[in-house]
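All remarks here apply to the structure that follows.
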Amino acid sequence: AQTVTQSQPEMSVQEAETVTLSCTYDTSENNYYLFWYKQPPSRQMILVIRQEAYKQQNATENRFSVNFQKAAKSFSLKISDSQLGDTAMYFCAFFGGSQGNLIFGKGTKLSVKP
Amino acid sequence: NAGVTQTPKFQVLKTGQSMTLQCAQDMNHNSMYWYRQDPGMGLRLIYYSASEGTTDKGEVPNGYNVSRLNKREFSLRLESAAPSQTSVYFCAGLGGGLSFTEAFFGQGTRLTVV
């Protein structure tokens, strides 16, 4: 069974600085997808970025980028130039396997301070 | 397009009562999921359906049943509600349609069992 671990329950960062959120996962699959979702206080789940395991190049979306280390089963999210609107819960998720599980980590609560 | 629609948004039940949470999607998703979200626990998978007519247990299935009536609808039933089932419930869809690799979520249902 796949597992997703986020070891940082809470983090804070000053506005305009850079922060990295950690995520590790465990799987025996070779083909899978990894995601970072953002959940603001509104509870809405918003896709931040995704990475296909077969792609070696790290995904980037504007201020958000990932460091995908397949061998180490690590998938961290870097947020550059942090903004107050980045304050939210961030969830790492894994999708893959023959049964199509979509599994989430426990989340990291990020606070951006002015 | 409505996307993924959950009903109701809020519900209060007495211990022992039953209810069904409805989820419908118009995005042609093949896979659909039900999660519960509790503080500090992230999103835990209750049940999922990889395709119409199939359902499988997730991490926390006890006390719940599901039904994939057709491709659009995936309902979650609590037969005899317990206070431990107080939580926020999310339905999600993934695959098929516009995007194979992004899960779309409903707005969530806040359930309180007293």
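The values are calculated or read from the model by the stated rules, or taken from the named source; none is laboratory data. What you see is a predicted model, and the numbers here were worked out from it, not measured in a lab. Neighbour counts are summed over all protein chains in view; Cβ atoms, including those assigned to glycine, are modelled from backbone coordinates with ideal geometry.
General remarks:
- Any hit, region B:47-68, residues being within 10 Å of the chain's Cα centre (by Cα) and under 28 Å from A:ARG50 (Cα atoms): yes
- Unmet criterion (only one of (1) farther than 18 Å from A:PHE104 by Cβ; (2) outside any strand (DSSP E or B); (3) aliphatic (A, V, I, L, M); (4) within 14 Å of chain A (Cβ to nearest Cβ)) for B:LEU111: (2)
- Just one residue in the set B:VAL88, B:VAL12, B:VAL60, B:VAL66 is assigned to a strand (DSSP E or B), free of Cβ contacts under 8 Å to residues at least 40 places away in the same chain and either among the β-branched types (Val, Ile, Thr) or loosely packed, with under 13 Cβ neighbours inside 10 Å (or both); that residue is B:VAL66.
- Scanning region B:54-70 for residues that are charged (D, E, K, R) and touching an Asp or Glu at 6+ places or on another chain (Cβ under 9 Å) yields a total of 1.
- Some residue of region A:14-25 being within 11 Å of chain B (Cβ to nearest Cβ) and assigned to a strand (DSSP E or B): no
- Single residue of A:TYR37, A:TYR54 found to be more than 10 Å from chain B (Cβ to nearest Cβ) and either surrounded by fewer than 15 Cβ atoms within 10 Å (Cβ to Cβ) or assigned to a strand (DSSP E or B) (or both): A:TYR54
- Condition check for B:GLU79: in contact with a Cys (Cβ under 8 Å, 6 or more places away or on another chain) and farther than 25 Å from A:TYR90 by Cα: no
- So A:GLN44, is it buried (at least 16 other Cβ atoms within 10 Å of the Cβ), over 21 Å from A:VAL13 (Cβ atoms) and not hydrophobic (A, V, I, L, M, F, W, C): no
- Those residues of region B:28-40 which are more than 12 Å from B:GLN85 (Cβ to Cβ), surrounded by 14 or more Cβ atoms within 10 Å (Cβ to Cβ) and touching a Lys or Arg at 6+ places or on another chain (Cβ under 9 Å), in sequence order: B:HIS29, B:ASN30, B:MET32, B:TYR35, B:GLN37
- Among the residues of region A:88-114, the one identified as within 11 Å of the chain's Cα centre (by Cα), aliphatic (A, V, I, L, M) and surrounded by 23 or more Cβ atoms within 10 Å (Cβ to Cβ) is A:ALA93.
- Among the residues of region B:27-39, at least one is facing chain A (nearest Cβ under 9 Å) and modelled with pLDDT under 95.
- Selected residue (only one of A:SER76, A:SER7 is under 23 Å from B:GLU59 (Cβ atoms), more than 10 Å from chain B (Cβ to nearest Cβ), of a type in the set (Gly, Ala, Ser) and free of Cβ contacts under 8 Å to residues at least 60 places away in the same chain): A:SER7
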